[in-house]
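Since the structure comes first, as structure tokens, the remarks are kept for the end.
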Amino acid sequence: MKTVSAAFDAAYWQSRYAIGRDGWDAHAITPPLRAYFDQLDVAAQPRILIPGAGRAYEAEYLHRLGFRQVFVADIAPEALEALAARVPDFPQEHLLLVDFFALPNAPTYDLIVEQTFFCALNPALRLAYARQCAKLLRPGGTLMGLLFDTDFGPVQEPPFGGSKEEYRDYFAPYFDFRHFDTATNSLKARQGRELFICLKRKPD
């Protein structure tokens, strides 16, 4: 595991937004997530959390599909403000300016969406991330999304890469694996470098 001493706090991320160092931002929902959302049952109105949401194109897409229990969490005000500006009718109370690890365990969620948040965390927090996702999900709830399956080298700031084998060890204590393999419909620049994951929280 990489040793990284920095704390990537709200000021750090606000600075990156301010100077345009936001290369993770695809400026739209990515194809693997869009395909997954398109097969969800909007009538069920699942509670959905998108942590480290950034500008939250995923939340915008779900909202426009008719999902009304979508919550986004981020520590950078810029990120939440961008979503509010694009989607004025997105519920303000669903914009959570909070550290992911400080989110209360109740009420629980049916689905957590991972999109470039895991790679933005200090790698030392990866096991804690998996554990927190499990705490926030109801038993049988789903953690789905994309993880970078690539090595970015000895970097000291996000994004941080990793491998399928490494990631499996973090999630195995808390989740059953439904899908955990290379995404087949990634953006061109990310093809062959992303895992699509769909994990089910184990029973209590």
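If only one of Ala56, Ala7 is under 25 Å from Phe160 (Cβ atoms), at pLDDT below 95 and touching a helix residue (DSSP H, G or I) at 6+ places or on another chain (Cβ under 7 Å), which one is it?
Ala56
Which residues, counting only those in segment 71-130, are in contact with an Asp or Glu (Cβ under 8 Å, 6 or more places away or on another chain) and aromatic (Phe, Trp, Tyr)?
Phe90, the sole residue that qualifies.
For residues in segment 45-63 being within 10 Å of the chain's Cα centre (by Cα) and not aliphatic (A, V, I, L, M), which is surrounded by the fewest Cβ atoms within 10 Å (Cβ to Cβ)?
Of everything passing the filter in segment 45-63, Gly52 is surrounded by the fewest Cβ atoms within 10 Å (Cβ to Cβ).
For Arg178, are the conditions met, namely being exposed (fewer than 15 other Cβ atoms within 10 Å of the Cβ), closer than 15 Å to Met144 by Cα and more than 17 Å from the chain's Cα centre (by Cα)?
yes
Looking only at segment 15-30, count every residue that is surrounded by 15 or more Cβ atoms within 10 Å (Cβ to Cβ) and modelled with pLDDT of 75 or more and tell me the total.
3
If a residue has to be in a loop (DSSP other than H, G, I, E, B) and within 17 Å of the chain's Cα centre (by Cα) to count, how many in segment 133-162 make the cut?
Taking segment 133-162 and keeping what is in a loop (DSSP other than H, G, I, E, B), we get 149, 151-161.
Still in the list and also within 17 Å of the chain's Cα centre (by Cα): 149, 158-161.
The number of residues fulfilling the criteria is 5.
Tell me which strands (runs of 3 or more DSSP E) are completely within segment 43-132 and hold 1 or more residues being small (Gly, Ala, Ser) and out of contact with any Lys or Arg (no Cβ under 6 Å at 6 or more places or on another chain), or say none if there are none. Give the steps one after another, and end with the answer.
Values: elements: 48-51, 70-74, 95-97, 109-115.
Passing ranges, in order: 70-74.
Let's see how each residue does on (1) surrounded by 15 or more Cβ atoms within 10 Å (Cβ to Cβ); (2) touching a residue at least 24 places away in the same chain (Cβ under 8 Å):
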{"position": "Leu65", "(1), (2)": "no, yes"}
{"position": "Gln92", "(1), (2)": "no, no"}
{"position": "Leu96", "(1), (2)": "yes, yes"}
{"position": "Asp99", "(1), (2)": "no, yes"}
{"position": "Ala102", "(1), (2)": "no, no"}
{"position": "Ala106", "(1), (2)": "no, no"}
{"position": "Tyr109", "(1), (2)": "yes, yes"}
{"position": "Gln115", "(1), (2)": "yes, yes"}
{"position": "Cys119", "(1), (2)": "yes, yes"}
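So Ser186 clears everything in (1) surrounded by fewer than 17 Cβ atoms within 10 Å (Cβ to Cβ); (2) over 23 Å from Leu136 (Cα atoms) except one condition, right? Which one?
(1)
In segment 168-185, what count of residues is obtained for those that are among the acidic types (Asp, Glu) and over 11 Å from Lys200 (Cβ atoms)?
Adding up the residues that qualify gives 2.
Within segment 165-174, is even one residue within 17 Å of the chain's Cα centre (by Cα), of a type in the set (D, E, K, R), modelled with pLDDT of 95 or more and in a strand (DSSP E or B)?
Within segment 165-174, not a single residue is within 17 Å of the chain's Cα centre (by Cα), of a type in the set (D, E, K, R), modelled with pLDDT of 95 or more and in a strand (DSSP E or B).
Tell me, please, whether a residue that is out of contact with any strand residue (DSSP E or B) (no Cβ under 8 Å at 6 or more places or on another chain), among the hydroxyl-bearing types (Ser, Thr, Tyr) and outside any strand (DSSP E or B) can be found in segment 185-199.
no
The values are calculated or read from the model by the stated rules, or taken from the named source; none is laboratory data. Fair warning: this is a prediction, and the values are worked out from it, not measured in the lab. Every residue, glycine among them, receives a Cβ derived from its backbone with ideal geometry; neighbour counts consider all protein chains shown.
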